[in-house]
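Enquirer: Below you'll find the structure I mean.
Every read-out reported here was derived from the displayed coordinates using simple, explicitly stated rules and does not represent laboratory data. Note that the structure is a prediction, hence the values are computed from the model and not measured. A quick note on method: Cβ atoms are made from the backbone with ideal geometry, for glycine too, and the neighbour counts reach across all protein chains shown.
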C-alpha cells in the first residue's frame, strides 16, 4: 500500500480549499475531544498520585464539611495503631485583599507546624525555613507557585480578614515549599488561630490530616478511626486525600456523564464532517476511478487508496487538534484563576495517542461507505457517469 | 430581482445526504448549547419557585447560609411579636423556627454517598410552604418520623416510603413523600423540629426563622425592623433573594457547556463552509446561466447566503429536537451554600431553544458568507465554460 502513498497525498491535496476546511473543522473538534479527555483525567484520576499522597488520610465530620468535630479527637486518632502522625487541618475562609478578584483566592489552612512536614513528606522546603515555621507563632508557609504568582518574598506581611471566624490574621511568610499536588495553599499555625478565637469555638476543628505508616495500614486506619467515633455526636468519615478530592468533583453535578455525552457528540460530528468530505470527493472522481479500474487497479486497491486519503486527512486533523489542545491546557494551567485542578491539566502522551486512534478510526469508518461504493461500481457505469 | 427561495430549497433536497450530514453536525452543536441552557434554566426555576415573595428568611447576624447559621429560641420568641408578621386562621404568628443540617445518603448516581439537607420544622413551617403529600402522611410531632421530597425518594433508594434511614442518634422512619412543585424542597428531608434538634444537641441552636409578612408592602419594613434591632442581632433577607443567589451552583457546568459549544461551533462553521463551497463549485454552470438571465451579482450572493442560513436553520431545528427528550429529566448539582445536592429537571423551553436557533443561524451566516461571495464573483463566461 505504501507505494500508493504519493497518489493518496496528491489526491488529498487536489482540492486544497476543501481539504483545508475539513482538516480545520475536524482539527477543532479533535482539539475539544483531547481537551475534554484531559479534563476527565484530571477530575477523575487527579493527575498522578504520589507515594506520599497515598499514605495521607483526611478525616472530617460524616454529616458534612461544614460541621466541626471536637479538637480532642486528635489525641484519640493519634493512638490508633498504624497512625504515624496527625494534625488538625482547619479551613480558614477569609478574604485576602479583594475577594472579588479570583487571583486572590487560595486555600488557607491552619495546622500544627511540628506535624506538617511529617505528613507532607513530599514537601521540599529548606531546613532553616522549617525551623522558622515551627518557632514563629504568626509565621506561615506558602506554595512556591502561589508566592511567585502573588509576588510574595520571605518576610512578606500577609493580612487575611476572617469571615467564618471573627479574626484578622497578621501573618509573616517564613517559608516557601514545593510539592506536586498543592500549588495553591498557604499553611499557618493553628495555635495562633486558636488563641485569637472566643472560648466557645476554640476547641472545634473542621478536619484532621492523618499519615499512615504503610500503604497496607491505610484502609485499616480509616476504618479504625470511623469505628471509634461511631454513635458519637460527631461521627467521622475518613478517606484518602484522593478520594476526598473526587468527592468534591461529584459536587459539580453528574460531570462524568456530561463529559462522556459531549465527547460522544463531538466524535459523531467528526464522523459526519469527514464522511461528508469523502463522499463529495469520491462523487467527483467516479469517472477517474473507472479509468483506474480499466488500467488494472483492483477494487481492493481502490478501496485502500480512498481509505488512505481519509486516514491522511483524519490524522492531520487529529495532530492539529492535539497541538491546539496542548496549547489550551498550557494556557489554563497558567491562568490565574486559583483552581487547583487546572494546574494539573496536561495533555499526556496517552491522551494524545487515544485522540489519534479515535482520529484514524473515525476517518476510516466515515470513508467506508463512499469508498466501498466506489470500489464496487462497475467500470462501464462509472465511465458513463456524468456528475 | 431576487432568486426564488424554491430554488434554494430544491438544491438542498437534491443533495440529501450532504445536506443532512451538514445539518446534523450543526444540530449536535446546537443540541449541546440548548442542553446547557436547559440545565441552568431548570436550576434557576427550582430556586425561583422555592422563594415566596411574602416570605422573609432570618439568619444570625452576617449569616449567608441556613447551614452555618444559629438561632436561639429566645431570639425567636422576641422576633415573632413583630406586628409585620401575618397570622394564620388560628391567630398564631406565621413564623417557623427551623433547623437545617446535612446528612450523607447513597444515591443511584454516587453510591459512596451524596449530601442532602435535613430540615426540622413545626406545623407552621409546613403551612408556610406550598407542598403536599403525594404518598403516605405527614410526620407526627414527637416521633422519629420523616417526610422526604419527591426527588429524594426517586434518587435515594434508602429513603423510599416505609424504609428507615440513619442519622443523628438513630433510625428514622420515612412515612411520607411530599411534592413541592419545582422547588428545592423536593431535595430535602423534613422532620419534627424538637426531635431533630434533640438528636444534634442543638435544642437552643436552631438555624433560621421563616416569616410571612402581612402583605407585600410590609416586607421591606419587616426586613428593616429586624435588621435594625440590635437586641435580636440577626440578618433578614427576602426568601427569594436567598434562593436566587444559590443559582450560581450551576455556574461551573454552565461555563463548561458554553465553552464546549463555542468550540464545536467553530468546527461546524468550517463544515458548513465546506458544504457551501462544494455547492457553489458544483453549480458553476447554473450560476453562469442565472447571470445570463439577468440576475445581478447581488442576487446570487443573497441567494447562496440564504441557502446557507436555511441549511443552518434546519440544523438548529434538528438540534432542538435532539435536546427535547432531555426536558423533564432529573439531575443534581451540589450547592456550596447548602453543602448538599439539589435535584432539578432540565427545562427545554422556547426561551432556551430560541437562542439555540439563533446560534445556528449565526453559524450559517459566518459559514455561508465566503462561499456566497465567491459565487457572486464568478465571471459569466468562465462559469459557463466550467460546467
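Enquirer: Can you give the relative contact order of the stretch A:146-283 as a percent, counting alpha carbon pairs under 8 Å and 6+ residues apart? Intermediate values should be presented prior to the final figure.
Expert: Details: 66 pairs, mean separation 15.4, N = 138.
Value for the stretch A:146-283: 11 percent.
Enquirer: Between residue A:3 and residue A:379, what's the calculated FRET efficiency when r is the beta-carbon distance and R0 is 25 Å? Round to 0.05.
Expert: 0.65
Enquirer: On a full-extension model of 0.36 nm per residue, what is the gain between residue B:244 and residue B:173, subtracting their alpha-carbon distance, rounded to one decimal in nm?
Expert: Gain on extension, residue B:244 to residue B:173, equals 22.3 nm.
Enquirer: Could you please tell me the mean projected area of the C-alpha convex hull for the stretch B:62-232, averaged over all directions and given in square nanometres to one decimal?
Expert: With the hull built on Cα positions only, its mean projection is 10.5 nm².
Enquirer: I would also like to ask the following. So, in nm, how far is label residue A:327 from label residue A:365 when the simple model puts each one 7 Å beyond its Cα toward the Cβ?
Expert: It works out to 2.9 nm between the two label points.
Enquirer: So for chain B, what percent of the C-alpha to C-alpha distances run longer than 30 Å?
Expert: So the portion of pairs separated by more than 30 Å is 54 percent.
Enquirer: Per residue, how big is the convex hull around the C-alpha atoms of chain A? Give it to me in cubic angstrom, could you?
Expert: It is 180 Å³ per residue.
Enquirer: Angle check, please: helix A:255-284 long axis (alpha carbons) against the longest principal axis of chain A (alpha carbons), in degrees 0 to 90, nearest 10.
Expert: Value to nearest ten degrees: 20.
Enquirer: Please find the FRET efficiency linking residue B:330 to residue B:298, where r is the Cβ-Cβ separation and R0 is fixed at 60 Å, and quote it to the nearest 0.05.
Expert: With a Förster radius of 60 Å, E is 0.70.
Enquirer: Based on the alpha-carbon gyration tensor of the protein assembly as shown, what equivalent-ellipsoid semi-axes (square roots of 5 times the eigenvalues) come out, in whole Å, largest first?
Expert: Value: 59, 34, 23 Å, ordered largest first.
Enquirer: Pairwise over distinct Cα atoms, reciprocal of the mean inverse distance: report the Kirkwood radius of the stretch A:51-252 in Å, one decimal place.
Expert: Numbers: mean 1/r = 0.0575 Å⁻¹.
One over the average 1/r among Cα pairs gives 17.4 Å for the stretch A:51-252.
Enquirer: Could you state the number of Å between the C-alpha centres of the stretch A:49-109 and the stretch A:121-164?
Expert: Between the Cα centre of the stretch A:121-164 and that of the stretch A:49-109, the gap is 17 Å.
Enquirer: If you don't mind, there's one more thing I want to ask. Can you give the FRET efficiency to the nearest 0.05 for residue A:228 and residue B:108, using r as the Cβ-Cβ distance and R₀ = 41 Å?
Expert: 0.85
Enquirer: Which residue fluctuates the most in chain A, going by a Gaussian network model with Cα springs under 10 Å, if the choices are A:120, A:248, A:208?
Expert: A:248
Enquirer: Just counting partner chain Cβ atoms within 10 Å, what average do the residues of peptide B:249-260 show around their Cβ?
Expert: Details: counts 3, 2, 1, 5, 5, 0, 0, 8, 2, 0, 2, 9.
Average per residue, whole number: 3.
Enquirer: Taking just the alpha-carbon atoms of the stretch A:251-323, what radius of gyration and Dmax come out, in angstrom?
Expert: 17.9, 64
Enquirer: Still on this structure, I have one more. Take every residue in peptide B:26-36, count the Cβ atoms of other chains within 10 Å of its Cβ, and give the average of those counts.
Expert: Values: counts 2, 3, 8, 4, 0, 2, 6, 0, 0, 4, 2.
Mean partner-chain Cβ count within 10 Å for B:26-36: 3.
Enquirer: How tilted is helix A:349-376 with respect to the longest principal axis of chain A? Cα atoms for both, answer in degrees (0 to 90, nearest 10).
Expert: Result, in degrees: 20.
Enquirer: Nearest 5 is fine: what % of DSSP beta bridges in the protein assembly as shown come out antiparallel, could you say?
Expert: Values: 70 of 90 bridges.
Here the antiparallel bridges make up roughly 80 percent for the protein assembly as shown.
Enquirer: Now, a different point. Quick one: angle between helix B:297-323 and the longest Cα principal axis of chain B, in degrees between 0 and 90, rounded to 10, please.
Expert: The angle comes out at about 30 degrees.
Enquirer: Could I ask something else about it? If I take every Cα pair under 8 Å that is 6 or more residues apart in chain B, average their sequence separation and divide by the length, what percent do I get for the relative contact order? Intermediate results must be reported in sequence, preceding the final value.
Expert: Numbers: 769 pairs, mean separation 113.2, N = 387.
It comes to 29 percent, rounded to a whole number.
Enquirer: Same structure, new question: Mind checking A:270-277 for the average number of partner chain beta-carbons within 10 Å of each residue's beta-carbon?
Expert: Shielding by partners across A:270-277 averages 6.
Enquirer: 222 nm [θ] for chain A, helices only, -39500 (n - 2.57) per DSSP H run of 4+, per residue, to 500? List each step's numbers first, then the result.
Expert: Working: 15 runs with 208 residues, N = 387.
The per-residue figure over chain A is -17500 deg cm²/dmol.
Enquirer: Say each of residue B:285 and residue B:201 gets a label point 7 Å from the Cα, pointing the same way as Cα to Cβ; how far apart are those two points in nm?
Expert: Those two pseudo-labels are separated by 9.2 nm.
Enquirer: Among B:368-378, B:284-294, how do they line up by average Cβ neighbours within 10 Å per residue, starting with the highest?
Expert: Final packing ranking: B:368-378, B:284-294.
Enquirer: Now, a different point. Add -39500 (n - 2.57) for each DSSP H run of 4 or more in chain B, then divide by its residues: what number comes out at 222 nm, to the nearest 500 deg cm²/dmol? Please report the intermediate quantities before stating the final value.
Expert: On the way: 13 runs with 189 residues, N = 387.
Helices in chain B give a 222 nm mean residue ellipticity of -16000 deg cm²/dmol.
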